[in-house]
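The values are calculated or read from the model by the stated rules, or taken from the named source; none is laboratory data. Since we're looking at a predicted model, the values are computed, not measured. Here the Cβ is made from the backbone with ideal geometry for all residues, glycine too, and neighbour counts use every protein chain on show. Quick note on the areas: whole protein, heavy atoms, side chains included, nothing else; ligands and nucleic acids left out. Shrake-Rupley method; radii C 1.70, N 1.55, O 1.52, S 1.80 Å.
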Amino acid sequence: MIVGKVAGTVVSTRKCENLIGYKLLLIEPYYGSKEKIFVAADTLGAGIGELVLITTNDTTQYGLDRNSPIDALVVGILDFEPEIGK
Amino acid sequence: MIVGKVAGTVVSTRKCENLIGYKLLLIEPYYGSKEKIFVAADTLGAGIGELVLITTNDTTQYGLDRNSPIDALVVGILDFEPEIGK
Amino acid sequence: MIVGKVAGTVVSTRKCENLIGYKLLLIEPYYGSKEKIFVAADTLGAGIGELVLITTNDTTQYGLDRNSPIDALVVGILDFEPEIGK
Amino acid sequence: MIVGKVAGTVVSTRKCENLIGYKLLLIEPYYGSKEKIFVAADTLGAGIGELVLITTNDTTQYGLDRNSPIDALVVGILDFEPEIGK
Amino acid sequence: MIVGKVAGTVVSTRKCENLIGYKLLLIEPYYGSKEKIFVAADTLGAGIGELVLITTNDTTQYGLDRNSPIDALVVGILDFEPEIGK
C-alpha cells in the first residue's frame, strides 16, 4: 500500500454511475516523487493534510460495499507520521 | 485514479471485437511526467482539452457494460482544474 | 492502453502450454522512454514497424479465446500515427 | 515479487474493517530506488531489518485467509541476503 | 511480458504455504534499468544466465496448477537473444 498525504479534492459532475457517493481525494505520495499526485476514493472521512494508507488496483474492491471503477482507495488514516526503524 | 487531459484520439480499424464502439482518447497526464501519454476508452463524451479522471487495470470493467480488453477508462470529467489544498 | 511500435519477435520453444499459438512481439513504447521494450502477444497479425494499441494485466483475458498467462496483448493496429490535438 | 527490507511499522486506528488484524510494515526496496518505501501486510512475523519477499496487487489474496483491501503482502522471509550469480 | 536474465535464486524457509514447491529466481531486466532486479517463480527449469519471458500480476495464475501469491512467473525460456527489427 502507499502512504500519502491528502492534498485536496476533485469534483466531477459528469461521471460513471458507480462512482456516485464516493469522495475523491487528491493524494500526494509521502515517499518517492511528490509530484506524482493521484486521486483516491475515500469512505473513512480523511481530511486535508492527514496521512492515509491507500490500496490500489483490483484490491480496492474488498474495501467497498459494491464493485466500482476505482483503482485507489483510502483504507486507513495513520495515527502519526511513520518513522523509519520503529 | 489518474487526472489527465484529453490530447487527441486514436483510430484503429483492425481491432479486437470487444473494443468496437468505444472512443479511444490520447491522455496526457496532468501530474508527473507529461510525456507518458497513454490511451483510455471513453463512454462519457469527453472533448479535447477537458480534464478527466481515469481508472486503470481490471477496475475498468466495473464502469463498462460488458467485459472488454481495456486497461484505462474515463470515469469522470472534472468540473474545474484541481487545486492543491482545497 | 499503451501505443507501441512492433520492433521484432521473440522465440521460445520451452514455454507454458497456455502460451502455445500466440505470436510474441517485441514492442517499443511510442511515448515516454523508448528503451523500456516489452513483449506482447498478438492475434491480429501486426507487422514490424506498425503502431499498435496494447492492453495490460488481467484485462488481456477479455481479448483472448482462453485464459493465458499473458499480461500484454495487442488489441488494435492504428490506422495512422496519432496526432496531439486532433 | 519484490525483495524488501522491513524498515518500520505504521499504525492506523481508523481503518477498513477488512484490514483489522494485519501487521502493517514499512518496506524499503532492496533493489532499485530505496526511497520508494511502501507498506505491506504481514502474517509471518517479519522483524525490523529482515529481508522479505513481497507479492503485489490481486495475487496477495491467495496468501490471505479472507479477501482484504491489501495490494502488498509479505509471502516469505529470506534466509540470507540474495547474491547475484548464485 | 518482460524479458529478463536469470541472475540467481532466493531462499526462504519461512514462507506462505502456497509458495512451497516453486523455485524463486532473481531476474535482471533485459531492457530498461538493469538495477530493478525482482523475483519470479519458475516451473520450467530456467538456469542462471538464461533469458526468460515473465508475465506479471494476476495473469500468473493462468500458468500455475493452483492459485498462489505470485505476481511474476517465468512462462518461457528464449531460444536466443531477441534482435530489434527481426
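For region C:76-84, state whether one or more residues are crowded, with 23+ Cβ neighbours inside 10 Å, under 14 Å from the mean Cα position of the chain (by Cα), assigned to a strand (DSSP E or B) and modelled with pLDDT of 95 or more.
Here is the first cut: in region C:76-84, the ones crowded, with 23+ Cβ neighbours inside 10 Å are C:76, C:78.
Next, from what is left, pick out any that are under 14 Å from the mean Cα position of the chain (by Cα): C:76, C:78.
Checking which are assigned to a strand (DSSP E or B) leaves us with C:76.
Filter once more, so that each one left must be modelled with pLDDT of 95 or more: C:76.
Checked region C:76-84: at least one residue is crowded, with 23+ Cβ neighbours inside 10 Å, under 14 Å from the mean Cα position of the chain (by Cα), assigned to a strand (DSSP E or B) and modelled with pLDDT of 95 or more.
Quick one: what pairs do we get from region D:33-53, first residue free of Cβ contacts under 8 Å to residues at least 40 places away in the same chain and farther than 16 Å from D:Ala72 by Cβ, second assigned to a loop (DSSP other than H, G, I, E, B) and open to solvent by 20 Å² or more (accessible area, probe 1.4 Å), C-beta under 6 Å, 6+ apart or different chains?
Between residues of region D:33-53 that are free of Cβ contacts under 8 Å to residues at least 40 places away in the same chain and farther than 16 Å from D:Ala72 by Cβ and residues that are assigned to a loop (DSSP other than H, G, I, E, B) and open to solvent by 20 Å² or more (accessible area, probe 1.4 Å), the close pairs are D:Glu35/A:Gly32.
Among (1) touching a strand residue (DSSP E or B) at 6+ places or on another chain (Cβ under 6 Å); (2) at the interface with another protein chain (Cβ under 8 Å from one of its Cβ atoms), where does E:Lys23 come up short?
For E:Lys23, the failing item is (2).
Checking E:Gln61 against (1) at the interface with another protein chain (Cβ under 7 Å from one of its Cβ atoms); (2) touching a helix residue (DSSP H, G or I) at 6+ places or on another chain (Cβ under 9 Å); (3) free of Cβ contacts under 8 Å to residues at least 12 places away in the same chain, which test does it fail?
Unmet condition: (1).
Restricting region C:65-75 to residues that are facing another protein chain (nearest Cβ under 8 Å) and assigned to a loop (DSSP other than H, G, I, E, B), which is farthest from C:Thr9 (Cα to Cα)?
In the first step, residues of region C:65-75 are kept if they are facing another protein chain (nearest Cβ under 8 Å); the result is C:67-73, C:75.
Still in the running and assigned to a loop (DSSP other than H, G, I, E, B): C:67-71.
Working: C:Asn67: 22, C:Ser68: 19, C:Pro69: 18, C:Ile70: 15, C:Asp71: 16 Å.
Step by step, filter region C:65-75, then rank; the result is C:Asn67.
Residue by residue through region E:18-47, note down the ones that are over 17 Å from D:Thr56 (Cα atoms), β-branched (Val, Ile, Thr) and within 12 Å of the chain's Cα centre (by Cα).
Across region E:18-47, the qualifying residue is only E:Thr43.
Being at the interface with chain C (Cβ under 7 Å from one of its Cβ atoms) and either under 14 Å from A:Asn18 (Cβ atoms) or of a type in the set (Lys, Arg) (or both) is the filter here; which residues of region B:30-57 pass it?
Within region B:30-57, B:Lys36 is the sole residue that qualifies.
Answer yes or no as to whether C:Ile84 is away from chain E (no Cβ under 14 Å), in contact with a strand residue (DSSP E or B) (Cβ under 8 Å, 6 or more places away or on another chain) and free of Cβ contacts under 8 Å to residues at least 24 places away in the same chain.
Values: away from chain E (no Cβ under 14 Å): yes; in contact with a strand residue (DSSP E or B) (Cβ under 8 Å, 6 or more places away or on another chain): yes; free of Cβ contacts under 8 Å to residues at least 24 places away in the same chain: yes.
The answer is yes for C:Ile84.
Kindly provide the set of residues from region A:6-31 that are among the basic types (Lys, Arg) and surrounded by fewer than 18 Cβ atoms within 10 Å (Cβ to Cβ), ordered by number. Spell out the reasoning first.
Keep residues of region A:6-31 that are among the basic types (Lys, Arg), which gives A:14-15, A:23.
Across region A:6-31, the qualifying residues are A:Arg14, A:Lys23.
State yes or no: is C:Ile48 under 17 Å from B:Val10 (Cα atoms) and not small (Gly, Ala, Ser)?
Details: under 17 Å from B:Val10 (Cα atoms): no; not small (Gly, Ala, Ser): yes.
Judged against the criteria, C:Ile48 is not a match.
Could you please give the count of residues in region E:54-64 that are crowded, with 19+ Cβ neighbours inside 10 Å and not in a strand (DSSP E or B)? Talk me through it step by step, then tell me what you get.
Filtering region E:54-64 down to residues crowded, with 19+ Cβ neighbours inside 10 Å leaves E:54-63.
Narrowing further to those that are not in a strand (DSSP E or B): E:57-63.
Result for region E:54-64: 7.
C:Ile84 is checked against (1) among the β-branched types (Val, Ile, Thr); (2) under 19 Å from E:Ile2 (Cα atoms); (3) out of contact with any Asp or Glu (no Cβ under 6 Å at 6 or more places or on another chain) and fails just one. What number does that condition carry?
Here C:Ile84 clears every test but (2).
Considering only region D:32-53, I want to know if a residue exists there that is touching a helix residue (DSSP H, G or I) at 6+ places or on another chain (Cβ under 7 Å), more than 14 Å from E:Pro69 (Cβ to Cβ) and open to solvent by less than 60 Å² (accessible area, probe 1.4 Å).
Step one: filter region D:32-53 for residues touching a helix residue (DSSP H, G or I) at 6+ places or on another chain (Cβ under 7 Å), giving none.
Taking every residue of region D:32-53 in turn, none turns out to be touching a helix residue (DSSP H, G or I) at 6+ places or on another chain (Cβ under 7 Å), more than 14 Å from E:Pro69 (Cβ to Cβ) and open to solvent by less than 60 Å² (accessible area, probe 1.4 Å).
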